[in-house]
Every structure is written in C-alpha cells, then in structure tokens.
1. Under Stokes-Einstein, with the Kirkwood radius over Cα pairs standing in for Rh, what whole-number D in µm²/s applies to region 20-60 at 25 °C and 0.890 mPa s?
2. Going toward the positive end of the dipole of the chain, with +1 on Lys and Arg Cβ and -1 on Asp and Glu Cβ, which of 14, 50, 61 do you reach last?
3. Counting Lys and Arg as +1 and Asp and Glu as -1, what is the net charge of the other residues whose Cβ lies under 13 Å from the Cβ of residue 40?
4. Relative to the Cα centre, what is the charge dipole magnitude of the chain, using +1 at the beta carbon of each Lys and Arg, -1 at the beta carbon of each Asp and Glu, and rounding to the nearest 20 debye?
5. Can you run phi through the Karplus equation (6.51, -1.76, 1.60; θ = phi - 60°) for region 49-56 and list ³J(HN,Hα) in whole Hz, with x for Gly and Pro?
6. Among 13-21, 35-43, how do they line up by average Cβ neighbours within 10 Å per residue, starting with the highest?
Amino acid sequence: MKKTYKIEVDCANCADKMEQAAKKTEGVKDASVNFMMLRMKVEFEEGAYPSEVMLKVRENCKKVEDDCEVFL
C-alpha cells in the first residue's frame, strides 16, 4: 500500500534526512520526499498498519530534523 502525506520542511538537505529516516522505519518498504511539492510518499510493508507506522516515521524524522512536520 502507498500513501502520500503533506510535510513541512525548510531545506532540501533536511528533506533528504527525513527521507532516509522514513526508509529506516520498521514497516516502511520505501519512502520518497519531494521537497518542492512538500510531499512524502510512503510504501508500506505487507501487513503493516499505516497509521501506526506513520507515528514512528514522524518520530524518526523529528530525531534527525526537529523543525520538520509530517501531517497525518
């Protein structure tokens, strides 16, 4: 399953940090961040619950870039 989320981030480098953090999150098969569109696309692993996984993604993104936001 793939879903797209609105994000808020200040620079392209920070967006890359968010993408890498999302990719490392358990339950995420793949993730990509489009800095220009302020969007994050997330592909979830089979059997994962997107709402639970995205809470972890948000938490991991804030660890690498505390000024970012992922709107769930």
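1. Working: Rh = 10.2 Å.
Value of D from the Cα-based Kirkwood radius: 240 µm²/s.
2. Positive-end residue among those listed: 50.
3. Details: positive: 2, 3, 6, 17, 23, 39, 41, 58; negative: 8, 16, 19, 30, 43, 65, 69.
Computed value for this residue: +1.
4. Details: 13 positive and 15 negative charges, 36 e Å.
Its charge dipole is roughly 180 debye.
5. Result, rounded to whole Hz: 9, x, 5, 6, 5, 5, 5, 5.
6. Working: 13-21: 18.8, 35-43: 15.8.
Most protected by this proxy first, the peptides run 13-21, 35-43.
Coordinate-derived values only; no laboratory data. All figures in this text were calculated on a predicted structure; none of them were measured in a lab. Using ideal geometry, Cβ is built from the backbone for each residue, glycine included, and neighbour counts are taken over all protein chains shown.
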